[in-house]
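One structure below.
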Amino acid sequence: MNAVLQYAVQGLAAGSFYALAALGLAIIFGVLGVVNFAHGAFYMLGAVTAAVLLDTLDLTLWWSLLVVPVLMFAFGVVVERLLVQWLLRLDPLYNFLLTFGLTLVLVELVKQKYGVSGLPYKPPKLLSGRVDLAGVVLPRYQLFVFLFSVAICVLVWLVMTRTRVGMIVRASTEKPDLARALGINVGRWVTPVFGFGVALAGLAGVLAAPFRAITADMGNNFAIILFAVVVIGGLGSIVGAVVAGFMVGLVEAFGQAYAPTYAQILIFVLMALIILVRPAGLFGRKEATA
Amino acid sequence: MTQSVVTPTPGTEAPATIAGGGSRRRWVLLAVGLVAALALPWFVYPPVAMDIVAMALFAIALDILLGYTGLLSFGHAAFWGSSAYVTGLIATHYGVPFPVAVVGGALFAMLLALPVGYLSVRRSGIYFAMVTLAFGQMVYFIGYQWSDLTGGENGLQGVPRKFFGIELVETESFYFYYAALPILLLGMWGAWRIVHSPFGRVLVSIRDNTQRARALGYEVEKYKVIAFVLSAGLTGLAGGVFAINHGFVALTELHWTTSGEVVLMTVLGGIGTLWGGVLGAFLAVMLADYLASSGFDGIDLVTGSVFVLVVLLFRRGVWGTVRHQWLARQQRRTSSRRASASADPARRRP
């Protein structure tokens, strides 16, 4: 029982990274129609930036959680203005390919600068060690990651459902033509939404920094699992992205615990099953299959 | 919602070759291509020449899906790499002539493509790319974990090069090139036959208007799966020859970067041009070889930048641009109508 709970928390922590990043991916796809291949690279950049900030400016995790998303937002805005925007009117496959090329460049740049061995990162004292919850001993940091990311997801959800900005973004996501017909300037939201999605990927990276080896390659496999996540959840769905993110994290953690050889493969088997049973994804709308 | 596919350059509405109507020009081009293929190892280090032709078939096989069916497979490394491994294993354990091993590898790739294709064609457009990418990564992990068979990270080493009683050792790469070339040329001819057959016409109609093809009574999914399996088979031929050429199979052959590389070659050559893949492969392999020999170790930096630039500025690709120019000239000559009316290479997103 104790072990199962530990795996569950570990899975939820791993799922937090997927959920946050997939949320960003889903929002970007919703408003821009772009599947951002570079999302894994942005996640990696978030972690690397946090490590560099700790190393050079002595900024701890708390500060990084604040600063890195802002930096990543700015970076996302630059990428959108410089590259992505030129292909928005074309077939979405072109931006998929563009961001693929961008991924190769970003990963290689980081590799050249920081080498292939992992950068060190220590979480603050408050989050180190373990905590004893009624006889169940759990790592503090994993609990924190889970709670923090749930808080962020809830916050995003509140913004999406309770504010005017969120309403516009949702309208642009779900019925862009209708939103335009109602006089909403969908184009105005394209750049900030892209930046916001990138910031979420960067935030996931910061959270992952003390938990994962920080290397240039850390985002590569992450990006592909992220695609599996949004296929499972339904790419058009924001809730689906988050739920599937945690689900995949759990599958990964339990897989690693009980069948380590098949842990990575299990995720893709899960994806295959979903495609077989519900091609649109768990929360996807029917029309997304077309 | 209409379908979302990369729409190739104008002029491929009917998948004509650059020759279009003039069959004499077609023969001239074919002759030029054959001479170039035969002469290549005189000008390029033979193993690199072999890589170029193998990659060319790989890119052509991908174009059957991307250019003619409207499906971007981002998981073709699974077929390329698995065929390379199976070819290598057959050649190592059974001592058969290498063409037999290559055919075995290609058959395995087709077998693998059947379930992957069946599942993947349930989604189209960008989803298809993501799903194939994920399945490709799954095959990569299987290859990684199954190290008893694949050698894991060490790769599969010491693949022999037997050719009907003759052992072509490493110094004989020059002769090996000519021994293996027919396999790849046959594969290219097969690709050409596929896209110019009635079956190929159906694929193009699916690409251009899936609903209409469905309404006309074609079982769209079945056609897509068959195209996927055929493409995987040709990819497998190329991957098998590649494995024998190197005498070694690395795990990278299964990696998604390999899938990306071949997409780059196809796009660089020109989507929906078939033969563009040859040019794309030539440019990409020569560039990689040049960078490697000049001691530059950041090859992904260059590949990635080329990718970004081609997608931003050069979407027609080399062959596509040549053909577009030629068609435009042709049109100017025959009529005074403005030729650039349908010049936009990609449709607006719906």
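The values are calculated or read from the model by the stated rules, or taken from the named source; none is laboratory data. The structure presented is a predicted model; accordingly, all values stated were derived computationally and were not measured. Ideal geometry is used to build each Cβ from the backbone, glycine not excepted, and the neighbour counts take in all protein chains shown.
Some points to look at:
- Members of segment B:279-291 found to be surrounded by fewer than 17 Cβ atoms within 10 Å (Cβ to Cβ) and within 14 Å of chain A (Cβ to nearest Cβ), listed by number: B:Leu287, B:Leu291
- Here A:Phe100 meets the list (1) at pLDDT below 85; (2) crowded, with 17+ Cβ neighbours inside 10 Å almost entirely, failing just condition (1).
- Failed item in (1) of a type outside the set (Lys, Arg); (2) in contact with a Ser or Thr (Cβ under 6 Å, 6 or more places away or on another chain); (3) loosely packed, with under 15 Cβ neighbours inside 10 Å, with B:Thr334 passing the rest: (2)
- Scanning segment B:292-302 for residues that are within 12 Å of chain A (Cβ to nearest Cβ) and either within 18 Å of B:Ala59 (Cβ to Cβ) or not aromatic (Phe, Trp, Tyr) (or both) gives B:Asp297, B:Gly298, B:Ile299, B:Asp300, B:Leu301, B:Val302.
- Taking each residue of segment B:137-155 that is within 12 Å of chain A (Cβ to nearest Cβ) and looking for partners that are outside any helix (DSSP H, G or I) and not aromatic (Phe, Trp, Tyr) with beta-carbon atoms closer than 9 Å, six or more apart or interchain, yields B:Gln137/B:Gly75; B:Gln137/B:His255; B:Met138/B:Gly75; B:Val139/B:Gly75; B:Tyr140/B:His255.
- Members of segment A:137-147 found to be surrounded by 18 or more Cβ atoms within 10 Å (Cβ to Cβ) and in a helix (DSSP H, G or I), listed by number: A:Tyr141, A:Gln142, A:Phe144, A:Val145, A:Phe146
- Test: residue in segment A:56-64 that is surrounded by fewer than 17 Cβ atoms within 10 Å (Cβ to Cβ), over 17 Å from the mean Cα position of the chain (by Cα), of a type in the set (S, T, N, Q) and assigned to a helix (DSSP H, G or I): yes
- B:Ser124 vs. criteria in contact with a Ser or Thr (Cβ under 8 Å, 6 or more places away or on another chain) and more than 12 Å from chain A (Cβ to nearest Cβ): no
Every residue, every condition in (1) within 14 Å of chain A (Cβ to nearest Cβ); (2) at pLDDT 90 or above; (3) surrounded by fewer than 20 Cβ atoms within 10 Å (Cβ to Cβ), yes or no:
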position	(1), (2), (3)
B:Ser4	yes, no, no
B:Pro8	yes, no, no
B:Gly21	no, no, yes
B:Leu30	no, no, yes
B:Pro47	no, no, yes
B:Ile60	no, yes, no
B:Ala84	no, yes, no
B:Tyr94	no, no, yes
B:Phe98	no, no, no
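- Any hit, segment A:209-218, residues being at the interface with chain B (Cβ under 10 Å from one of its Cβ atoms) and within 18 Å of A:Ala19 (Cβ to Cβ): no
- In segment A:75-118, of all residues being under 19 Å from the mean Cα position of the chain (by Cα) and among the aromatic types (Phe, Trp, Tyr), the one that is farthest from the other protein chains (Cβ to nearest Cβ) corresponds to A:Phe75.
- Only residues that are closer than 21 Å to B:Ile142 by Cα and β-branched (Val, Ile, Thr) were counted across segment B:103-130, and they come to 1.
- With respect to (1) without any contact (Cβ under 8 Å) to a residue 60 or more places away in the chain; (2) more than 14 Å from chain B (Cβ to nearest Cβ); (3) not in a helix (DSSP H, G or I), the lone exception for A:Gly281 is condition (2).
- When B:Val285, B:Val278 are checked against the criterion of being farther than 19 Å from B:Ser73 by Cα and of a type in the set (A, V, I, L, M, F, W, C), B:Val285 stands alone in meeting it.
- All of (1) surrounded by 16 or more Cβ atoms within 10 Å (Cβ to Cβ); (2) within 14 Å of chain A (Cβ to nearest Cβ); (3) modelled with pLDDT of 85 or more hold for B:Ser305 with one exception: (1).
- Of the residues making up segment B:235-278, those that are within 21 Å of B:Val311 (Cβ to Cβ), more than 13 Å from chain A (Cβ to nearest Cβ) and not β-branched (Val, Ile, Thr) are B:Gly269, B:Gly270, B:Leu274, B:Trp275, B:Gly276, B:Gly277.
- Considering segment B:182-204, the residues that are among the aliphatic types (A, V, I, L, M) and within 16 Å of the chain's Cα centre (by Cα) include one that is farthest from B:Pro160 (Cα to Cα), namely B:Val195.
- Candidates A:Ile275, A:Ile224, A:Ile265, filtered to the one that is within 10 Å of chain B (Cβ to nearest Cβ) and within 17 Å of the chain's Cα centre (by Cα): A:Ile224
- Condition check for A:Gly30 on (1) at pLDDT 90 or above; (2) under 22 Å from A:Thr161 (Cβ atoms): one failure, at (1).
- Test for A:Val229: is it away from chain B (no Cβ under 14 Å), modelled with pLDDT of 85 or more and farther than 22 Å from A:Pro139 by Cβ: no
- Restricting attention to segment A:119-136 and to residues that are farther than 18 Å from A:Ala50 by Cβ and loosely packed, with under 12 Cβ neighbours inside 10 Å, the residue that is nearest to the chain's Cα centre (by Cα) turns out to be A:Gly129.
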